[in-house]
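Participant: Input: one structure, supplied below.
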Ligand code: IFG
C-alpha cells in the first residue's frame, strides 16, 4: 500500500471475500457520491450488482466515528464478515475508500468483467496524513492538455491520496484560461504551444468541469497565473502590457527568464486585478498562485514593488497568496504559501527561511527530488536534466521536515511534485515521467516520518506494477525496482 498508513494490524486467518450478493451500505447522504464511484468501478470489474443501501452493508461506509483522526483520517476494518470504513467527514471516507481499492486485487480496477476471487487479507487500519498539502502540478501551458486528459490525470494521482492539483495556466508559450475582460489572452495568446503546434485553452465551463471533477476526487485546484516573468503570451496579446507598448511575437521555444510585465504602468495592475478576480471567482480553493519565478528581465527593485502590489490584488480578490520561493524576497501578506523549488543551493534556502520569518508556510518541491520532468538517467528519452538526474530512489529519499535548515516543523505545509511539459505532449509521455516517482512524493506527504524507508518502500512500489498494467499506465519500468 502507498502511502503507508499510520497504523495497520493484520487480522491473522481472517479473509474478506467479496461475493455476488455483496451490498454497499452508507449512513450519510454526503457519502453517496463516494459509494457511487466505488460501486461503478467494482460492478464493472466483478460483474456483481453491488446495490447501495441506507445503513450497513457488506462494505459499510460510515461518518459516525473516527473524529480524533481529523478531516482526512479514517479507520478501516476488513474481516470475514465484511469491510467497514469509518471517518468523521466525507473526505476521510474518500481516503479510506481509496485504501480499500488498493487492498483489493489489481484486477478490481479493470474496465471489463474479471474472474474472482475478490479477497482482502484481514486487517485493521487507522490512518491520517502527516501534511495537509500533498500536491502535483500539471503544466498545461508548454503543452496543452484537454479537460478529458486532465480528468485522466486526476484519476491516476488521486489513487495516492494527493489532494491539491496545481494547474500552471499561463507562461511564455501560452495562456490557457478564459478571461472575459481580456479575451485575446486565450484567442491569440492561447493559440500555440511549444513546437509551434495548435495550443488550446479552457473556457469557463471547461475550468468548472476540471474543478468539479477534482472535487469529486477530493482534490483542490490551485490555479497559477505566473507573473511578472513567464508572461510572453500575455505581452504578445496586449501591447499596452509591455514597457514600450510594443507586443512581442508569440513564442514557441523553451527558453525562460526573457519576459516581464511593465512594472511601473497602472494598466498592469488593472489587468492583474481583473484576471485574478475572474480566476478567483471560479476557484473554490483558497489559494491563488501568482508565480514569481525566474523574473530575470525585471529589475530587482521593481520586482519587489511588483510583489507587494500583486500579492495585495490576490488578497483583494479573496484568496491567499501562493508563489515560487523568489517572492519571499518581497513582503508577503499573512497566510501566504511559498513553494520551494531550489536544489541544495543556500540562496534558495535563505528565501525559504525568509518566507517562514514572515509567517508564510512552505510547500516543498525540491527540483532535484520532486521535479517529475527530470530525466531518470542520462538516456531517458524525455524530460530535462538541469536539476540533475532523478532516479526513483533519489525522488523518495528525502525528509520534508529537514530539507530546509532552521525552520520549525509546523512551517511545512507539505509537498508538491511539479510536472513541466516542455518535452511532454501526450498522456503516455506524462505517465512515463509521473510513474513510478509520484507515489513516493505522495508517501512523503501522507505517511509518518518513521514509515519512510527506501528498502521497504521499493517492495511496496513493485506491487503497483500489476495495477498499472490493468490501468494501462505507461510507467517507466525502472531497473532499480524488482517489479512484480
Ligand atoms: N524552471 C521554471 C519552469 C520550467 C522548469 C522545467 C520553475 C519554478 C524550470 N520555473 O521551475 O517554468 O521551465 O524544469
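The values are calculated or read from the model by the stated rules, or taken from the named source; none is laboratory data. These figures come from a predicted structure and were not determined experimentally. Cβ coordinates were reconstructed from backbone atoms using ideal geometry, including for glycine residues, and neighbour counts include every protein chain displayed.
Table: residues versus (1) within 16 Å of the ligand (Cβ to nearest atom); (2) in contact (Cβ under 8 Å) with a residue 24 or more places away in the chain; (3) over 22 Å from the mean Cα position of the chain (by Cα).
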site	(1), (2), (3)
291	yes, yes, no
303	yes, yes, yes
307	yes, yes, yes
321	yes, yes, no
327	yes, yes, no
331	no, yes, yes
340	yes, yes, no
344	yes, yes, yes
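Participant: Still on this structure, please answer the following. Going through segment 76-100 one residue at a time, which ones are touching a strand residue (DSSP E or B) at 6+ places or on another chain (Cβ under 6 Å), surrounded by fewer than 21 Cβ atoms within 10 Å (Cβ to Cβ) and over 16 Å from residue 24 (Cβ atoms)?
Facilitator: Of everything in segment 76-100, those that are touching a strand residue (DSSP E or B) at 6+ places or on another chain (Cβ under 6 Å), surrounded by fewer than 21 Cβ atoms within 10 Å (Cβ to Cβ) and over 16 Å from residue 24 (Cβ atoms) turn out to be 79, 80.
Participant: Between a residue in segment 31-47 that is free of Cβ contacts under 8 Å to residues at least 60 places away in the same chain and any residue that is assigned to a helix (DSSP H, G or I) and buried (at least 18 other Cβ atoms within 10 Å of the Cβ), which pairs come within a Cβ distance under 8 Å, given they are 6 or more apart or on different chains?
Facilitator: As it stands, the answer is none, since no pair meets every condition given.
Participant: Does segment 152-166 contain at least one residue that is over 30 Å from residue 87 (Cα atoms) and more than 16 Å from the ligand (Cβ to nearest atom)? Before you say what the answer is, go through the steps one by one.
Facilitator: Initially, segment 152-166 is screened for residues over 30 Å from residue 87 (Cα atoms), giving none.
Within segment 152-166, none of the residues are over 30 Å from residue 87 (Cα atoms) and more than 16 Å from the ligand (Cβ to nearest atom).
Participant: Moving on. So which residues in segment 396-420 are part of a loop (DSSP other than H, G, I, E, B) and crowded, with 23+ Cβ neighbours inside 10 Å, if there are any at all?
Facilitator: Restricting attention to segment 396-420, the residues satisfying the condition of being part of a loop (DSSP other than H, G, I, E, B) are 397-408, 420.
Residues satisfying the conditions are 400, 404, 420.
Participant: Among the residues of segment 140-163, which ones are touching a strand residue (DSSP E or B) at 6+ places or on another chain (Cβ under 7 Å) and either surrounded by 24 or more Cβ atoms within 10 Å (Cβ to Cβ) or part of a loop (DSSP other than H, G, I, E, B) (or both)?
Facilitator: Scanning segment 140-163 gives 140, 141, 142, 144, 145, 157, 161, 162, 163.
Participant: On to the next question. Quickly run through segment 362-393 and pick out the residues that are away from the ligand (no atom under 14 Å from the Cβ) and surrounded by fewer than 19 Cβ atoms within 10 Å (Cβ to Cβ). Give the steps one after another, and end with the answer.
Facilitator: Of the residues in segment 362-393, the ones away from the ligand (no atom under 14 Å from the Cβ) are 362, 376-379, 381, 391-393.
Residues satisfying the conditions are 377, 378, 379, 381, 391, 393.
Participant: Given 105, 129, which one is touching a strand residue (DSSP E or B) at 6+ places or on another chain (Cβ under 8 Å) and either modelled with pLDDT of 95 or more or closer than 30 Å to residue 365 by Cβ (or both)? Write out each step before concluding.
Facilitator: Details: 129 fails: touching a strand residue (DSSP E or B) at 6+ places or on another chain (Cβ under 8 Å).
Going through 105, 129 in turn, the sole match is 105.
Participant: I'd like to check something: does segment 230-243 contain any residue that is part of a loop (DSSP other than H, G, I, E, B) and within 15 Å of the ligand (Cβ to nearest atom)? It would help to see each step written out before you state the result.
Facilitator: Our first condition is that a residue be part of a loop (DSSP other than H, G, I, E, B); within segment 230-243, this holds for 230-231, 238, 242-243.
Then keep just the ones that are within 15 Å of the ligand (Cβ to nearest atom); that gives 230-231.
Looking for residues that are part of a loop (DSSP other than H, G, I, E, B) and within 15 Å of the ligand (Cβ to nearest atom), one finds at least one in segment 230-243, hence yes.
Participant: Same structure, new question: Let me confirm something: among 211, 222, which residue is within 30 Å of residue 36 (Cα to Cα) and not in a helix (DSSP H, G or I)? Can you show your working first?
Facilitator: On the way: 211 fails: not in a helix (DSSP H, G or I).
Among 211, 222, only 222 is within 30 Å of residue 36 (Cα to Cα) and not in a helix (DSSP H, G or I).
Participant: Moving on to the next point. Return a yes/no flag: does segment 436-450 have any residue that is touching a residue at least 12 places away in the same chain (Cβ under 8 Å), surrounded by fewer than 17 Cβ atoms within 10 Å (Cβ to Cβ), away from the ligand (no atom under 16 Å from the Cβ) and more than 27 Å from residue 142 (Cα to Cα).
Facilitator: Initial filter on segment 436-450 (touching a residue at least 12 places away in the same chain (Cβ under 8 Å)): 436-449.
Still in the running and surrounded by fewer than 17 Cβ atoms within 10 Å (Cβ to Cβ): 448-449.
Narrowing the set further to residues that are away from the ligand (no atom under 16 Å from the Cβ) leaves 448-449.
The next check asks that each one be more than 27 Å from residue 142 (Cα to Cα); those that pass are 448-449.
Yes: one or more hits.
Participant: Let me ask something else about it. Just give me the residues in segment 167-188 being within 16 Å of the ligand (Cβ to nearest atom), in contact with a strand residue (DSSP E or B) (Cβ under 6 Å, 6 or more places away or on another chain) and closer than 18 Å to residue 281 by Cβ, in sequence order.
Facilitator: Initially, segment 167-188 is screened for residues within 16 Å of the ligand (Cβ to nearest atom), giving 167-176.
With the extra rule that they be in contact with a strand residue (DSSP E or B) (Cβ under 6 Å, 6 or more places away or on another chain), the set shrinks to 167-171, 176.
Listed by number, the residues that qualify are 167, 169, 170, 176.
Participant: Just one of the numbered conditions (1) within 27 Å of the chain's Cα centre (by Cα); (2) away from the ligand (no atom under 16 Å from the Cβ); (3) surrounded by 20 or more Cβ atoms within 10 Å (Cβ to Cβ); (4) touching a residue at least 40 places away in the same chain (Cβ under 8 Å) is not true of residue 215; which one?
Facilitator: Going through the list (1) within 27 Å of the chain's Cα centre (by Cα); (2) away from the ligand (no atom under 16 Å from the Cβ); (3) surrounded by 20 or more Cβ atoms within 10 Å (Cβ to Cβ); (4) touching a residue at least 40 places away in the same chain (Cβ under 8 Å), residue 215 breaks only (3).
Participant: Is at least one residue of segment 326-346 over 19 Å from residue 220 (Cβ atoms) and assigned to a strand (DSSP E or B)? Explain how you work it out, then say what you get.
Facilitator: From segment 326-346, those over 19 Å from residue 220 (Cβ atoms) are 326-334, 340-346; that's our starting set.
Add one more test, that the residue is assigned to a strand (DSSP E or B), and what stays is 340.
Yes, segment 326-346 has at least one match.
Participant: Conditions: (1) touching a strand residue (DSSP E or B) at 6+ places or on another chain (Cβ under 9 Å); (2) farther than 17 Å from residue 156 by Cα; (3) part of a helix (DSSP H, G or I). Residue 455 meets all but one. Number of the miss?
Facilitator: (1)
Participant: Right, residue 220: in contact (Cβ under 8 Å) with a residue 40 or more places away in the chain, closer than 24 Å to residue 366 by Cβ and within 16 Å of the ligand (Cβ to nearest atom) or not? Spell out how you get there, then give the answer.
Facilitator: On the way: in contact (Cβ under 8 Å) with a residue 40 or more places away in the chain: yes; closer than 24 Å to residue 366 by Cβ: yes; within 16 Å of the ligand (Cβ to nearest atom): no.
Answer is no for this residue.
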